[in-house]
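Throughout, read-outs are computed from the coordinates displayed, never taken from laboratory work. Quick caveat, the model's predicted, so the values are computed rather than measured. Backbone-built Cβ (ideal geometry, glycine too); neighbour counts: all protein chains shown.
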Amino acid sequence: MLDAEHLARIRLLRSDRIGPISFTQLMARFGNAQAAIEALPDLVQRAGGRAIRIATVAQVTAEVARVEAANARYLFADDEAYPALLGHIDNAPPVLTVRGDLALLQRPSIAMVGARNASAAACRFARQIAGELAEAGYLVVSGLARGIDTAAHQGALRIAGTGPASTAGVIASGIDISYPPENHALQAEMGARALVIAEQPPGTEPLARHFPYRNRIIAGMALGTLVVEAAPRSGSLITARLAAEAGRDVMAIPGSPLDSRSRGCNELIRGGATLVQSVADILELVEPFAGSRTQKVATPTILYGAAAPVTEPDDQARADVISLLSPSPVGMDELVRQSGLESGAVQMILLDLELGGLIERHAAGKVSLI
């Protein structure tokens, strides 16, 4: 059973224009989700933006029923089982839905990603590597997609026999949606013997825009990301980039330059990724840090507790920041430098503008006018 505060957190996160960053800032500003919800209309009016749709109690109650019907549960960022490394990325999901063995999240994790149209040899190698990682006590994290993802999950499941398996599938849909359809049985087996994780609300079909968000979770959970086969500009390379930006190890399996599916891996290696030929190469890279990197840190006070003391920016400060914005994305540091305001004041102004539907957030902390 969820208490009133946890229900309010879900309601806040399901409201219009509220993402992980704005959720975190609202929680820091108002101390709890209910207070943030009550403040939303005034914040939007102050920014001069469009009215905001706030999720209703009835909508959240219906969502909770769907999660329970899927034999899943919510995992909040301050729960003990929440993946420690995931909580360290800038846009960590405030709420996840999960089905399976939560104890697996306390194991050190390695992400495995690659081509959906992977070669038979690459799939066989992925199954082998995943099985050996699972045997070594690592959680194999992937995306339950076709090709390399499927092979990685299968490798960990096979090693476990009929018992609990050390693998987690992060999906781009709701926890009750199977995608791709041919992996319906695999996803069901993962939910029963391993772990399935979703950020999107139940009932959400996987859309193209959801996959980069899914990829950041895969990379954020893991000590390192191994790319087995990937074409240039593929989603797997996005996951590798996100891992590097989070300070995690990036590894790649080399391949023939004549196979386009290997070019992404070869480019990663040329750019500094660790060349991997066996599971021993992975363990040599990550084991010296596995314990220290996965230690649970104290609950971030930015998310929970008493409201942080803030000084509301005045109208002139807001006008100064707005004048610096344009349809071209600009970074927070540049806005702080040119406005002469403190970082906290600029963040507060941007939050109000975002809630009003006036700006859009981009990668690397940049924002632009809509």
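Work out, step by step, the length gained on full extension between Ala185 and Leu258: first 0.36 nm times the residue separation, then minus their alpha carbon distance; give nm to one decimal. Intermediate values should be presented prior to the final figure.
On the way: separation 73, 0.36 × 73 = 26.28 nm, distance 3.47 nm.
Contour length minus the Cα-Cα distance gives 22.8 nm.
Tell me the net charge near Leu102. Cut-off is 13 Å between Cβ atoms, Leu102 excluded, with +1 for each Lys or Arg and -1 for each Asp or Glu. Let's see the in-between values first.
Working: positive: Arg73, Arg99, Arg107; negative: Asp79, Glu80, Asp101.
After counting each charged neighbour, the total is 0.
How would the range 94-137 be classified by its alpha-carbon gyration tensor: rounded, prolate or oblate, with rounded meaning a/c under 1.5 and the a/b versus b/c comparison settling the rest? Walk me through the numbers before you get to the answer.
Working: a/c = 3.04, a/b = 1.62, b/c = 1.88.
Verdict is oblate for the range 94-137.
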Quick one: dipole size for the range 1-90, taken about the Cα centre, charges +1 on Lys/Arg Cβ and -1 on Asp/Glu Cβ, in debye to the nearest 20.
-> 440 debye
Which residues in the range 326-366 have a backbone N closer than 11 Å to a point placed 7 Å from the Cα of Asp78 along the Cα-to-Cβ line?
-> none
Taking the range 24-147 and dividing mean pair separation by its residue count, relative contact order in percent (alpha carbons under 8 Å, at least six apart) | 18 percent
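Efficiency by 1/(1 + (r/R0)^6): what FRET value for Phe211 and Glu245, r their Cβ-Cβ distance, R0 = 22 Å, to the nearest 0.05? Each step should come with its number before you reach the end.
Values: r = 17 Å, r/R0 = 0.77.
About 0.85, to the nearest 0.05.
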Here the gain from full extension of Ser328 to Arg361, 0.36 nm per residue of separation minus their alpha-carbon distance, amounts to 10.8 nm
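If you stretched the chain out fully between Gln106 and Ser343, how much longer would it get, using 0.36 nm times the residue separation minus the C-alpha to C-alpha distance?
On the way: separation 237, 0.36 × 237 = 85.32 nm, distance 3.45 nm.
Once the chain is fully extended between Gln106 and Ser343, it gains 81.9 nm.
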Longest principal axis of the chain (C-alpha) makes with the long axis of helix 33-47 (C-alpha) an angle, in degrees to the nearest 10, of 60 degrees
Would you please state which residues of the range 218-261 a label at Leu275 would reach in this model, taking the label point 7 Å out along Cα→Cβ and a backbone N cut-off of under 20 Å?
-> 225-232, 249-261
Under the Karplus curve 6.51 cos²θ - 1.76 cosθ + 1.60, θ = phi - 60°, whole-Hz ³J(HN,Hα) for the range 218-228, x wherever Gly or Pro sits | 4, 5, x, 6, 9, 5, x, 10, 9, 9, 8
Any idea what angle helix 279-293 forms with the longest principal axis of the chain, computed on alpha-carbon atoms, 0 to 90 degrees, nearest 10?
-> 40 degrees
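List the trypsin sites (Lys or Arg not before Pro) within the range 217-277 that fall in a DSSP loop (any state other than H, G, I, E or B) and whose Cβ has at most 16 other Cβ atoms within 10 Å.
Numbers: sites: Arg233, Arg241, Arg248, Arg261, Arg263, Arg270; in loops: Arg233, Arg248.
Filter output for the range 217-277: Arg233.
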Evaluate the charge dipole of the range 1-54 about its Cα centre and quote only its size in Debye, nearest 20, assuming +1 on the Cβ of each Lys and Arg and -1 on the Cβ of each Asp and Glu.
-> 240 debye
DSSP-defined beta bridges in the chain - what % are antiparallel, rounded to 5 = 40 percent
Here FRET efficiency (C-beta to C-beta, Thr61 to Glu38, R₀ 25 Å, nearest 0.05) is 0.85
List the residues whose amide H sits under 5 Å from the amide H of Ala145, counting only those 5 or more places along or on another chain, with H placed 1.01 Å from N in the peptide plane.
-> Thr150
Return one number: the angle in degrees, 0 to 90 and rounded to the nearest 10, between the long axis of the Cα atoms of helix 120-135 and the longest principal axis of the Cα atoms of the chain.
-> 80 degrees
